[in-house]
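One structure is given below, encoded as structure tokens.
The values are calculated or read from the model by the stated rules, or taken from the named source; none is laboratory data. Just so you know, these numbers come straight off a predicted model, no measurement behind them. Positions of Cβ are backbone-derived with ideal geometry, glycine not excepted, and every protein chain shown enters the neighbour counts. Ligands, DNA and RNA are excluded from the accessible area calculation, which covers all protein heavy atoms including side chains. Shrake-Rupley method; radii C 1.70, N 1.55, O 1.52, S 1.80 Å.
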Amino acid sequence: MLHLSQNKEMKFTNPKFHLSLYKDFFSLIKNPKFERRRLLKKEIIKSILSLLILNLAIKIVTVIIANEFIGISTKVIERGTESFSKPVFAIILVLISPLIEEIAFRLSLKFKPLYFSSSVTILSYYLVNKIIYNISNFDYQTDFLTRITISFVLGLIAYIISHKNKTHFELFWNKHFGLIFYSLALVFGFVHILNYDLSLKVALLSPILVLPQLSSALIYSFIRIKYGFIYSLATHIINNSLVLVSVFN
């Protein structure tokens, strides 16, 4: 559904702009619905910048709590730079990971057989890596062709089933959109607990440790729903670029 915004254009420096945006954001979280909003590109960019600031604030607070008060820090940068050169890791962090994760967790928020099967393919790859092989998603040596083949076969099956039963899937998406929205956001958030060295302490504190990823998931989902997939992907790339700059600066 396309929602035409009737709000008057407000400057980025106007607090009412941010308050109105955050009101819409939390309204969507409270009652998820797939309603596209038609805005000028400059208005979309302003909204994305505002949401990035919100996300950055949440991330900074969480990192301070985790590092200073809990004594736990993420290992994802260390593992990445150990496995890849800095230029390759930068490409993975800024371009490849956002694209893969947005296809997996945001593309199929709008149901289409191709979107759904694409998400299933990548999620299957994650599951095969962790459940069957217990290896990193970026391990390209251990039976890589087999893992890719299994994932694509499962994705193809998902496409055939969803295309054949397209009406039933569409009805399910419309009726249970909230369940789909929350499930994808929660899985995206908690899968990032693997960025830490797993322990009982990490498991118990996981809701705090993955709070930045949970907030990111909700923000990316909001942007994907309201403005489109390309904008959620762009926001994810910008967010990861800021992480890269903060680490390598």
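Just a few scattered comments:
- Members of the stretch 67-81 that are in contact with a helix residue (DSSP H, G or I) (Cβ under 6 Å, 6 or more places away or on another chain) and either in a helix (DSSP H, G or I) or at pLDDT 80 or above (or both): V76, I77, G80, T81
- Flag for L233 being open to solvent by 40 Å² or more (accessible area, probe 1.4 Å) and touching a helix residue (DSSP H, G or I) at 6+ places or on another chain (Cβ under 6 Å): no
- Flag if I100 is closer than 23 Å to S183 by Cα, modelled with pLDDT of 95 or more and surrounded by fewer than 18 Cβ atoms within 10 Å (Cβ to Cβ): yes
- Scanning the stretch 232-249 for residues being under 17 Å from S97 (Cα atoms) and either within 12 Å of the chain's Cα centre (by Cα) or free of Cβ contacts under 8 Å to residues at least 60 places away in the same chain (or both) gives a total of 9.
- Residue in the stretch 203-215 that is at negative phi, surrounded by 13 or more Cβ atoms within 10 Å (Cβ to Cβ), in contact with a His (Cβ under 6 Å, 6 or more places away or on another chain) and outside any helix (DSSP H, G or I) present: yes
- A single entry from G228, G178, G155 fulfils the requirement of being on the phi > 0 side of the Ramachandran plot and in contact (Cβ under 8 Å) with a residue 12 or more places away in the chain: G228.
- Search result, residues across the stretch 119-139 that are part of a loop (DSSP other than H, G, I, E, B) and loosely packed, with under 12 Cβ neighbours inside 10 Å: N134
- Verdict on L198 being modelled with pLDDT under 95, surrounded by fewer than 16 Cβ atoms within 10 Å (Cβ to Cβ) and in a loop (DSSP other than H, G, I, E, B): yes
- Qualifying residues in the stretch 140-184 (those that are among the polar types (S, T, N, Q), surrounded by fewer than 14 Cβ atoms within 10 Å (Cβ to Cβ) and within 22 Å of the chain's Cα centre (by Cα)) - the one nearest to L198 (Cα to Cα): S183
- Hits in the stretch 41-69 - residues which are open to solvent by 90 Å² or more (accessible area, probe 1.4 Å) and either in contact (Cβ under 8 Å) with a residue 12 or more places away in the chain or closer than 20 Å to L209 by Cα (or both): I53, E68, F69
- Residue within the stretch 50-58 that is in a helix (DSSP H, G or I), under 28 Å from Y231 (Cβ atoms) and more than 18 Å from the chain's Cα centre (by Cα) present: no
- Qualifying residue in the stretch 103-113 (condition: more than 23 Å from the chain's Cα centre (by Cα) and in a helix (DSSP H, G or I)): no
- Taken as a whole, the stretch 29-41 holds at least one residue that is under 30 Å from S151 (Cβ atoms), modelled with pLDDT of 95 or more and out of contact with any His (no Cβ under 6 Å at 6 or more places or on another chain).
- Every pair of residues 6+ apart whose Cβ atoms lie under 9 Å, when the first sits in the stretch 11-27 and is under 13 Å from I48 (Cβ atoms) and free of Cβ contacts under 8 Å to residues at least 40 places away in the same chain while the second is open to solvent by 70 Å² or more (accessible area, probe 1.4 Å) and of a type in the set (V, I, T): H18/I53
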